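Where a number appears in this text, it was derived from the coordinates with a stated rule and is not lab data. Just so we're clear, the structure is a prediction, and the values are computed from it rather than from any experiment. Glycine also receives a Cβ, built like all others from the backbone with ideal geometry; neighbour counts cover every protein chain displayed.
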Amino acid sequence: MTGRTPAPPSHPGARPGADDIVIEAVDVGMTFGTVRALDAVSLTVRRGSVLALLGHNGAGKTTLVGVLTTALAPTSGRAAVAGYDVRRRPAEVRRRIGLTGQYATVDGRLSGRDNLVLLAGLLGAGRRAARARADELLDLFELGHVATRPARGYSGGLRRRLDLAASLVGRPEVVFLDEPTTGLDPVSRLGLWEIVEGLVAEGTTVLLTTQYLEEADRLADSITVLSGGSVIAGGTPAELKARVGRRTVTVVLDGADDPARAAEALRRAGLAPVAGREDATLVVPIEATRDIAAVVRALDGVGIEAAELSFGEPSLDDVYLALAHRPDRPEGPAR
């Protein structure tokens, strides 16, 4: 037994790489004494894509990352990264991954450049190659202006960028980001998002744990929601939104129009308006964008012209509120 997991066959007509599974967990369980941290967790991540793990504190996100990065041996089930079983071939897995956690792990006494040169040397690079790789990463992460300063003097955003750069010294196939933007200001968070997007565009596979729904919505190709150590939902952001939320039209009435009369007209048209948060505002759930015309016709029929109409899609906030705190609704393996 080599410990290497063969790649699954491609589906007929699929584009090249469509079935190239880089991260796979099958019924992974993890217990600590009497505490079950993970319960039959299954998921897959394809090459060059981003999977976001969502869940409240204690949901099992960091424990799952620990299993997939070989820091923890699963109690049950199996997992493979880059084709290698995490229990049978942990060294092969570690050669192919990078890990960035919630807190910077670089040595604060060393400069940014020295941190990267040291890591490159530990990974087997010669002195010249280590310096070249360090300079390449300093340029990529726009850290050249602080390259010679001790890392302990970096701001939170610069420190996090250096930490991510350190995880990429060995050119990993797979990068695990465990809540990498926690505590960062919006500008620093946006900068890290852009760096992650650039890595994925070059073919890097990313597994991201986050509590920022906006972060998952922007970066993730697919999302797995964990609660109480179990997978309770999985799919693309659009699929999850479609499953737990409905599209809405928000109608802002002119001050002279009667909201009750407008609501009655909409109900007669088969719609179900509810009062909005603002005065003279109605929110109308709809099934499809064509129903916007039905809203306008219903109001026009009673001589009401909306001062403003806006169309809204369900958000990941809706998904999280509907699913993350409902562990009684497991859905089985995530995508």
Quiz item: Under 5 Å between amide H atoms, partner at least 5 residues away or on a different chain: which partners does Tyr84 have, H built in plane at 1.01 Å?
Solution: Thr5
Quiz item: Does the chain come out rounded, prolate or oblate, given a ≥ b ≥ c as the square roots of the eigenvalues of its C-alpha gyration tensor, rounded meaning a/c under 1.5 and, failing that, prolate meaning a/b above b/c?
Solution: prolate
Practice problem: Please report the relative contact order for the chain, taking Cα pairs under 8 Å with a sequence separation of at least 6, and give it as a percent rounded to a whole number. | Solution: 20 percent
Self-check item: Contact order normalised by residue count of the range 113-199, Cα under 8 Å, 6+ apart, percent
Solution: 28 percent
Quiz item: Convex hull over the alpha-carbon atoms of the range 173-271: what's its volume per residue in Å³?
Solution: 193 Å³
Quiz item: How large is ³J(HN,Hα) for each residue in the range 218-230, as worked out from phi by the Karplus curve 6.51 cos²θ - 1.76 cosθ + 1.60 (θ = phi - 60°), to whole Hz, x for Gly and Pro?
Solution: 6, 9, 7, 7, 9, 10, 10, 9, 10, 8, x, x, 10
Quiz item: Just for the Cα atoms in the range 229-275, what are the lengths along the principal axes, largest first, rounded to whole Å?
Solution: 52, 21, 18
Practice problem: List, in order, the whole-Hz ³J(HN,Hα) value for each residue of the range 118-135 obtained from phi through the Karplus relation with A = 6.51, B = -1.76, C = 1.60 and θ = phi - 60°; use x for Gly and Pro. | Solution: 4, 5, 4, x, 5, 8, x, 6, x, 4, 5, 5, 5, 5, 5, 5, 4, 5
Exercise. Determine the equivalent ellipsoid of the range 114-252 by diagonalising the alpha-carbon gyration tensor, then write out the semi-axes as square roots of 5 times the eigenvalues, largest first, rounded to whole Å.
Key: 35, 17, 13
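What is the packing order of peptides 35-45, 225-235, 67-77, taking the mean over residues of other C-beta atoms within 10 Å and listing the highest first?
225-235, 35-45, 67-77
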Practice problem: Rounded to whole Hz and in sequence order, give me ³J(HN,Hα) for the range 188-205 from the Karplus expression 6.51 cos²θ - 1.76 cosθ + 1.60, θ = phi - 60°, writing x for Gly and Pro. | Solution: 5, 4, 4, x, 5, 4, 5, 5, 4, 4, x, 4, 5, 4, 8, x, 6, 9
Quiz item: Projected area of the range 246-313, taken from the Cα convex hull and averaged over every viewing direction, in nm²?
Solution: 3.9 nm²
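Under the rule of -39500 (n - 2.57) per DSSP H run of 4 or more residues, summed and divided by the residues of the chain, what mean residue ellipticity at 222 nm is obtained, to the nearest 500 deg cm²/dmol?
-9500 deg cm²/dmol
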Practice problem: Can you grab the distance from the C-alpha centre of the range 39-77 to the C-alpha centre of the range 244-272, Å, no decimals? | Solution: 44 Å
Self-check item: Environment charge at Pro314 (Cβ cut-off 13 Å; Lys +1, Arg +1, Asp -1, Glu -1)
Solution: -2
